[in-house]
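In what follows, a structure is listed as structure tokens, so that the remarks can point back to it.
The values are calculated or read from the model by the stated rules, or taken from the named source; none is laboratory data. Computed from a predicted structure; not experimentally measured. In this analysis, Cβ positions are derived from the backbone assuming ideal geometry, glycine residues included, and neighbour counts consider all displayed protein chains. Only protein heavy atoms, including side chains, enter the accessible area calculation; ligands, DNA and RNA are left aside. Shrake-Rupley method; radii C 1.70, N 1.55, O 1.52, S 1.80 Å.
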Amino acid sequence: MRKALRWLLTLVVLIGTVGTAGAATAAEPEAYGTSATTDIKDQLLSIPGMSLIEEKPYTGYRYFVLNYTQPVDHRHPSKGTFQQRITVLHKDVSRPTVFYTSGYNVSTNPSRSEPTRIVDGNQVSLEYRFFTPSRPDPADWSKLDIWQAASDQHRVFKALKKIYSKNWIATGGSKGGMTATYFERFYPRDMDGVVAYVAPNDVVNNEDSAYDRFFEKVGTKECRDRLNAVQREALVRREPLEKKYAEYAAAEGFTFTTVGSLDKAYEAVVLDYVWGFWQYNLLANCADDELIPANAKTATDDQIWNSIDTVSGFSFYTDQGLAPYTPYYFQAATQLGAPTIRFPHIEKKYVRYGYQPPRNFVPRDIPTKFQPYAMRDVDSWVRTNARHMLYVYGQNDPWGAERFRVGKGAKDSYVFTAPGMNHGANVAGLVADQKAFATARILDWAGVSDTAVARAKPLATFDKKLDVRNAERELTLRP
């Protein structure tokens, strides 16, 4: 998820948790009382450890930005706490609730995930631990893993379930879809359903041939050739374009301590280019001469630079660009894994570093050690134990090359692919019969009326402010 958060279209694990996941003891919220006649803000603030940052008005809802006190280590709750941001889009306590995570920072502006619109419910959104400001101080990075993060969600759910007593559905896209999956793996009794969008599943970190096969067939040959030519040309013209990069970095105050050098950063941006195009664009965009020069060899340096910068972003592998996503790269280097792809269209003399590992994007004073069993455990659990889980992938999204699958042991769980869609794939983009089926399953899991389930249509009308995804950078390339 390398450009971490490249439009959310807006894309770990301590396995001492595998054998003990069900018995692991996170500190539980204390009991407290609520009343149907008590204002919702007062009910929320009656939860021990909950405090208000701000309330923002929105027609038809109450919207709260809150802090919640969490243990740094859910196995040893007495060893320190930190403040974790959450938001609550409150509709009515009689409605279902959707638990949304992006796997990164939480937006403090009102927004609504697709499942929230479908069920016309409340939405609780959680900031992932160690993304600022939800970072312990001092930061013990060994406490950043998927079990600790799932335990954060579990505590928030247990606290809010006393107020929002109807059915709950977990959701998220990209790293958020992964997060919803891990939550279900470790706390399978919490949610009534899971809707995970474009969730990568790197089971064996050193085997990434699925991505190479994807890039051999995605889109059309004409488009693939056009993209490959621009990417290659950017490396052929390395010297003049790196001079331009140095001037750009000097003007903006960018530095390259984490990645190691401007040269390594330049190549990382260029090698992200083809992946980035398919992740964020549709096939039709390939014909845009301003975005993708039609003839790379005769294009000017500025045309090549602008194309790479628009798709990949030259600011990203600077220290300033990487810093907000240190928690992501740490997890990729310790549990999530990261893809490695080949570049058969580029001669070896032009590629000095290749796809760099996530360790290269984490400051050297933060130690990492990869845990290969983490993703294997989750993958095995989903295949054999999934219940009420729905996965949606985009046909042209590179991250879907390695995806979650459900097996014979799964119950009422499905994997669908939206034709022609990218990393922004959703239920609305599925073919008609799958769209109706998926919508009906979500409504059923949410516990709404049989009539609503039979209609298989979203219960809330579209709201252009709440329902349009932000142009936020998310699961970056090579994550």
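Under 8 Å for C-alpha pairs, at least 6 residues apart: give me the relative contact order for region 251-349, rounded to a whole percent. Write out the running numbers ahead of the final one.
On the way: 60 pairs, mean separation 36.0, N = 99.
Relative contact order here is 36 percent.
Quick one: Karplus J couplings for region 179-187, per residue in order, coefficients 6.51, -1.76, 1.60, θ = phi - 60°, nearest Hz, x for Gly and Pro?
Ordered by residue, 3J(HN,Hα) equals 4, 4, 5, 5, 4, 5, 4, 8, 9 Hz.
Sum up the charges of everything whose Cβ sits under 12 Å from the Cβ of Q43, counting Lys and Arg as +1 and Asp and Glu as -1, but leave Q43 out. Let's see the in-between values first.
Numbers: positive: K41, R62, K162; negative: D39, D42.
Counting the neighbours of Q43, the net charge comes to +1.
Around K348, with a cut-off of 15 angstrom between Cβ atoms, what is the net charge of the other residues, counting Lys and Arg +1 and Asp and Glu -1?
Details: positive: R232, R238, R342, K349, R352; negative: E267, E347.
Within the 15 Å Cβ shell, the charges total +3.
At 7 Å along the Cα-to-beta-carbon direction for both E222 and N109, put a label point, then send me their distance in nm to one decimal.
Label at E222, label at N109, 3.7 nm between them.
Compute the distance from the alpha-carbon center of region 331-408 to that of region 415-447, in whole Å.
Using only Cα atoms to place each centre, the spacing works out to 24 Å.
Within a Cβ distance under 9 Å of F64, other residues only, what is the Lys/Arg minus Asp/Glu net charge? Show your work: numbers first, answer last.
Details: positive: K41, K56, R62; negative: E54, E55.
Value of the local net charge: +1.
Hey, what's the chain come to in accessible area per residue, 1.4 Å probe, Å²? Write out the running numbers ahead of the final one.
Numbers: 18860 Å² over 479 residues.
Ligands and nucleic acids excluded, the result is 39 Å² per residue.
How do 459-465, 46-52, 225-231, 88-94 rank on mean C-beta neighbours within 10 Å, highest first? Write out the running numbers ahead of the final one.
Working: 459-465: 12.4, 46-52: 15.3, 225-231: 20.9, 88-94: 18.7.
Averaged packing, sorted descending, gives the order 225-231, 88-94, 46-52, 459-465.
Quick check: the distance between the Cα centres of region 190-206 and region 117-172, to the nearest angstrom?
If you average the Cα positions of each part, the centres end up 16 Å apart.
Sorted by average packing, counted as other Cβ atoms within 10 angstrom per residue and highest first, what order do 246-259, 376-389, 296-309 take?
Details: 246-259: 14.5, 376-389: 19.9, 296-309: 16.7.
Result, highest mean Cβ count within 10 Å first: 376-389, 296-309, 246-259.
Short version: ³J(HN,Hα) in whole Hz for each residue of region 347-362, in order, from phi by Karplus 6.51 cos²θ - 1.76 cosθ + 1.60 (θ = phi - 60°), x for Gly and Pro, what are they?
In residue order, the calculated couplings are 4, 4, 5, 8, 10, 8, 10, x, 5, 7, x, x, 3, 5, 10, 10 Hz.
Can you list the HN-Hα couplings for region 48-57, worked out from phi with the Karplus curve (6.51, -1.76, 1.60; θ = phi - 60°), rounded to whole Hz and with x for Gly and Pro?
Result, ordered by residue: x, x, 9, 9, 8, 8, 6, 10, 10, x Hz.
Just read off the accessible area of I366 with the full protein assembly in place, 1.4 Å probe, to the nearest 10 Å².
Estimated to the nearest 10 Å², I366 gives 20 Å².
Which of rounded, prolate or oblate describes region 33-99 when judged by the alpha-carbon gyration tensor and an a/c cut-off of 1.5?
On the way: a/c = 2.22, a/b = 1.89, b/c = 1.18.
Verdict is prolate for region 33-99.
So which of K369/K408; K175/K465; K175/K369; K162/K465 end up more than 31 Å apart by C-alpha?
Details: K369/K408 33 Å; K175/K465 23 Å; K175/K369 20 Å; K162/K465 29 Å.
Going by Cα-Cα distance, K369/K408 fall outside the 31 Å limit.
Rounded, prolate or oblate for region 59-170? Axes are the square roots of the Cα gyration tensor eigenvalues, ordered a ≥ b ≥ c, and the cut-off for rounded is a/c under 1.5.
Working: a/c = 2.25, a/b = 1.85, b/c = 1.22.
Here region 59-170 falls in the prolate category.
Could you name the aspartates and glutamates in cross-link range of K297, using Cα to Cα under 14 Å and dropping any fewer than eight places away on the same chain?
Cross-link targets: D225, E233, D289.
What ranking, highest mean first, results for peptides 194-206, 210-222, 409-421 when packing means the other Cβ atoms within 10 Å averaged over each residue? Please report the intermediate quantities before stating the final value.
On the way: 194-206: 23.2, 210-222: 14.6, 409-421: 17.2.
Descending packing order for the listed peptides: 194-206, 409-421, 210-222.
Between D212 and L282, what is 0.36 nm times their sequence separation minus the Cα-Cα distance? Round to one decimal in nm. Spell out each step's value before the answer.
Working: separation 70, 0.36 × 70 = 25.20 nm, distance 1.92 nm.
Length difference between fully extended and current span is 23.3 nm.
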